[in-house]
Each structure stands twice: as C-alpha cells, then as structure tokens.
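Here is the structure we will look at.
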Amino acid sequence: MPYKAETLIFPRYHQFEAVNAMIADAKALGPGRQYLCEHSAGSGKTSTIAWTAHDLIKLRYSDGNAYFNSVIIVTDRTVLDAQLQDAVKQLDHQFGVIETIDANLRGGRSKSHRLAEALKQGVPIIVVTIQTFPFAMEAILTEQSLKNRHFAVIIDEAHTSQTGSTAQGLKAALSLDSKIKLEEMTLEEVLLEIQKSRVRPANVSHFAFTATPKHSTFTLFGRPENPDFPVSDDNKPVAFHRYTQRQAIEEGFILDVLRNYTPYSQAVRLGDQGLNDKRVDKKFARRSLARWKSLHPTIVSQKVEFIIDHFTRNIAGLLNGEAKAMVVTGGRAQA
C-alpha cells in the first residue's frame, strides 16, 4: 500500500471544551439525554463530530461495559460527506470500527439490511444519510435484540427533508397518525414526532451540531437554562455549548459577510386586470403581495442574471480560480 503522510491535529479550545463537556455529562447522566452544540461556520464542526464519536464509544462503566453500543452519525447529504467520513476514519484504523451505509451495494444487500446487521453486530460507529436514518430508528424501536442496548445519535445539520417511502416503516413503528407526511419532514421534525409518541426511546442520546438552530432545534435538543426547573417562558431551552459567528470572525476562521454587504432596491408596479373590490386585512395583503413578488419568474431571473454576472466578473478569478459563492434565499420555493 502506498504511504500516506499523516498530520497531527490539535483541537482548538472550543472543540476541546465541547467534546470534554459532552463526554463528562454523558458519563455522569448516562444514555437518553439531549445535547445541542451551536457551532458557527468555521468552527471545525467535522473534526468535533469525529472526536465526539470516538470518545463516546470509549466510554465504559466500572465493569467494562460500554455506555453506548453504537454511535450513529447522521449527515443531511444524499451522498455522504467525504470530509466527514475521512475525519472519522482517520482517528481509528482498526478494521470493523466504522461502517458507512451509503448507496454502494455490497454483495447485493440493501442499505436497510446492512444497517440492521451493523446495529445487531454492535459496530462502534455507523455513518448514515438522513434517507437511511428512519431504518435505524425503526430497528432500534422494534428489534428485540436491540431493546437493552444504548445508542448515541450524532446529527450534522439536519435540515433536509426525507424523500420517497423510506419513512413508512418508522411511521408504523411509532404508531403515528397516518395523516402525518413523514417523508416531507425534516429530521428535526421526525425526532419531534418520536419524542411525542408513546414509544419515545429512552436508550438513545442525541448530539446535534448546527450553526443555525431554529426554535424547534432548541425545543428538541436544548436544555433549560436553569436545569433545576422545567422549561417555561422564563426558563427557555438553550444550547449545551456555543461557538458564535462573532468569535469565528474575530479568530480569523471566517469572513464577516456583512462588512461588504450592499443592499439593492427594486421597483415593481402591480396591476390588476380584473375588478376586485374584496376587502382584506392590510398586513395579510402586503405579505401576500411581497411573497408573490419574490417568487415571480421575471424578478427571479433578473436576480439570477445579476448574481452570475457579479460572480463571473469579480469573484471567479480569486483564490487561483477556486473561489466559491453561496446564494442564500428566503425559502425553498425561491431556491
């Protein structure tokens, strides 16, 4: 085999602090807990996830038994993030420690079959996509051989909806309302349904990593600011650990995008071809017109043309021709 040079990576302080804090808490409280790491872009989230996974599988009780039989890493990419896979694999070269459940068929076996086998065999680290995650939860909830085992689920930016029929087994396992369209839900929403269902798994700890937590993210993974009292309006759930965007900018790991922020005004004339005297709420009308305007093909095409022209003229040639751009929209419809 060709020799591959290895580099020693020393964690930054916030990574060292976050991993040690989660491991210490998991050791003190055991499985069945929720952890939210609000880590900005530029935080080195991939390495933090890899270190967390490896430290979790090393946790042992005094009798030598593991706290967690398997650690499941869920990524929101249809094709598993190569960077995340590499980071996890680089920390442990032993055969059988890591199993990646991706689209590559092995021996003609389906992803769900391979996943079930990995869970039953107690593979320490299992990496799956959000499309495969429902099969993992279904197995944990229904397989008798897994009832007395404990699992840690590490979630990397879970904002993508599921597709197809992969969620149907989970819906049946959870005895969820048939009207719930599980395949259109994000991973966060799936976990919320699990939490509300009568078979919420107490043998699973969740470790969520995100740069942009929503209200539902805090509801699902956050902990009350004052742990001695339950969640309320005066004691809202907060992240277990934070590394802010301001800190990442000050440390030079990301750029301040607002420093060169340039707003553009747009002029629009709306016309009604037919007579319509229907009275509507003023705020509702403004919101509806603004939404219609933002999704109009003419406006969208002009914005796209402007963005591409700006990138081609001013950005593409930077960083030896490897500069990239990110386009942020107000919603999926605009994207």
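Do any of LYS45/LYS214; LYS27/LYS120; LYS303/LYS324; LYS120/LYS147; LYS111/LYS214 go past 20 Å between their Cα atoms, and which? Over 20 Å Cα-Cα: LYS27/LYS120; LYS111/LYS214.
Taken along the Cα-to-beta-carbon direction at a fixed 7 Å, the label points for VAL300 and ALA66 span 4.6 nm.
Phi angles across the range 16-29 convert, under the Karplus curve 6.51 cos²θ - 1.76 cosθ + 1.60 with θ = phi - 60°, into 3J(HN,Hα) values of 4, 5, 5, 4, 4, 5, 5, 5, 5, 5, 5, 5, 6, 9 Hz, Gly and Pro given as x.
Sketch the reach of a paramagnetic label on ALA21 as a point 7 Å from Cα along Cα-to-Cβ, and name the residues of the range 220-260 whose backbone nitrogen lies under 12 Å away. Backbone N within reach: 223, 238-244. Remark: the range 220-237, residue by residue, has Karplus-estimated 3J(HN,Hα) of 7, 10, x, 10, x, 4, 9, x, 7, 10, x, 5, 7, 4, 9, 9, 6, x Hz, where x stands for each Gly or Pro and the curve is 6.51 cos²θ - 1.76 cosθ + 1.60 at θ = phi - 60°.
Could you order the peptides 21-31, 215-225, 308-318 from most to least packed, using the average number of other C-beta atoms within 10 Å per residue? Before the final figure, lay out the partial values.
Working: 21-31: 15.2, 215-225: 17.4, 308-318: 11.5.
Averaged packing, sorted descending, gives the order 215-225, 21-31, 308-318.
Using packing as a proxy for protection, rank 319-330, 257-268 so that the peptide with the highest average count of other Cβ atoms within 10 Å comes first.
Highest mean packing first, the order is 319-330, 257-268.
What FRET efficiency comes out for LEU318 versus GLU251 if R0 is 25 angstrom and r is the Cβ-Cβ distance? Round to the nearest 0.05.
With a Förster radius of 25 Å, E is 0.70.
Can I get the semi-axes of the range 241-335's equivalent ellipsoid? Compute them from the C-alpha gyration tensor as square roots of 5 times the eigenvalues, in angstrom, largest first. Mind dumping the intermediate values first?
Details: eigenvalues 266, 81, 22 Å².
Square roots of five times the eigenvalues give 36, 20, 11 Å.
With both labels modelled 7 Å from their Cα along Cα-to-Cβ, the THR142 to GLN334 distance reads 4.1 nm.
If you stretched the chain out fully between ALA325 and SER232, how much longer would it get, using 0.36 nm times the residue separation minus the C-alpha to C-alpha distance?
Numbers: separation 93, 0.36 × 93 = 33.48 nm, distance 4.04 nm.
Length gained, ALA325 through SER232: 29.4 nm.
Rule-based calculations on the coordinates, nothing more; no lab input. Small disclaimer: the values here were computed from a predicted structure and weren't measured. Cβ: placed from backbone, ideal geometry, glycine included. Neighbour counts: every protein chain shown.
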